[in-house]
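Values in this text are rule-based calculations from the coordinates and carry no lab data. Bear in mind that the values here come from a model prediction, so they are computed numbers and not experimental data. Because the Cβ atoms are built from the backbone with ideal geometry, glycine has one as well, and the counts that use them run over all protein chains shown.
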Amino acid sequence: MGSGPADAKFHVLAVDDSLIDRKLIERLLKSSSFQVTAVDSGSKALQFLGLQDDEKRDPQPTPVPPNHHQETEVNLIITDYCMPGMTGYELLRKIKESKSLNYIPVVIMSSENIPTRINRCLEEGAEEFFLKPVQMHDVNKLRPHLMRGKQSQETTKHQ
Amino acid sequence: MDRNLQRQVANMRKSLFDQGYLDEQFIQLEDLRDDANPNFVEEIVTLFYTDSAKLIRNIENALENNPSDFERLDDYMQQFKGRSSSIGAKKVKTECSQFREYCKAGNAEGCIRTFQQLKQELATLRRKLETYFEMARQANT
């Protein structure tokens with residue numbers, strides 16, 4: 001399975017330390033025909049994306065095969081804000097600071113409606129900020145970001 | 001297909017909403033069922049109860065050993081409220097909010113009292129949902 005054929009699904013990386021919310025976001029995304037990988041921490045997300053996390057705050061590092069050759073490229077990252085260790089905001093920053101990954105659209109989820117938090121995330125480059133519990137109408141907003149992300153990735157590849 | 005049983009199931013479902021045990025989020029969960037995931041609601045509710053047990057224990061221990069660490073208590077409860085919210089557990093969520101208010105006010109007694117109510121609401125909801133799911137299963141066989 002690679003990119004190219006018209007029926008290749010968009011691949012979303014979901015990050016949330018809550019098992020229930022992971023299950024929920026996974027079901028929401030899959031029912032919208034997205035391919036989903038769900039991890040429980042920012043560190044694991046970075047590992048999956050092939051970026052090393054220098055700070056190594058993950059207390060239980062389980063090896064996640066790094067995704068160097070983008071056979072299952074990630075087209076969007078949706079992450080919880082409040083997580084132990086690396087917050088969603090910190091994950092967002094690392095992705096936006098990375099030359100190889102900053103084209104990937106990032107969406108933040110949070111159960112708290114805090115305007116300063118929302119603005120901070122949007123200013124750092126998050127595409128959307130969803131209030132939890134995330135619902136179908138939120139997931140429906142992802143497609144344009146996914147399509148744009150895929151386009152900029154294709155452009156980057158051909159340069 | 002037992003029409004009578006189906007009617008009972010529908011009535012029970014309606015009363016769970018009317019009596020404020022469940023909110024709109026539960027309907028969102030129901031809408032996520034499909035042929036490949038017919039038991040999604042039951043699965044996520046079960047997950048909620050098993051996943052929450054640890055948090056509940058943490059809160060219990062904190063209330064017993066460190067009742068004035070309101071920041072920690074509030075942090076735990078914020079997590080728990082999030083989970084309750086994800087399954088549409090309305091009354092449980094209300095108790096969570098109340099608990100957090102008491103944390104902000106530094107009221108340990110209020111926290112302890114509310115926590116007891118929260119546990120009761122959790123148990124009540126569990127019983128009702130188990131009955132509901134069982135009835136729904138029977139109505140569909």
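Could you check how many residues of region B:54-79 are within 12 Å of chain A (Cβ to nearest Cβ) and aliphatic (A, V, I, L, M)?
Selection size over region B:54-79: 2.
A:I108 versus (1) assigned to a helix (DSSP H, G or I); (2) touching a residue at least 24 places away in the same chain (Cβ under 8 Å); (3) within 25 Å of B:Q25 (Cβ to Cβ): which is the lone unmet condition?
With (1) assigned to a helix (DSSP H, G or I); (2) touching a residue at least 24 places away in the same chain (Cβ under 8 Å); (3) within 25 Å of B:Q25 (Cβ to Cβ) applied to A:I108, the lone miss is (1).
Does B:F99 qualify as being of a type in the set (F, W, Y) and in contact with a Phe, Trp or Tyr (Cβ under 7 Å, 6 or more places away or on another chain)?
Taking the combined requirement at face value, the residue satisfies it.
Report, by residue number, each residue of region B:25-49 that is at the interface with chain A (Cβ under 9 Å from one of its Cβ atoms) and under 26 Å from B:Y76 (Cβ atoms).
Within region B:25-49, B:Q25, B:Q28, B:L29, B:E43, B:I44, B:L47, B:F48 meet the criteria.
As an exercise: evaluate A:S111 against (1) within 14 Å of chain B (Cβ to nearest Cβ); (2) surrounded by fewer than 18 Cβ atoms within 10 Å (Cβ to Cβ) and give the number of the one condition it does not meet.
(2)
Those residues that are among the small types (G, A, S) and closer than 15 Å to A:D16 by Cβ, I need them from region A:74-105; list them, please.
Of everything in region A:74-105, those that are among the small types (G, A, S) and closer than 15 Å to A:D16 by Cβ turn out to be A:G85, A:G88.
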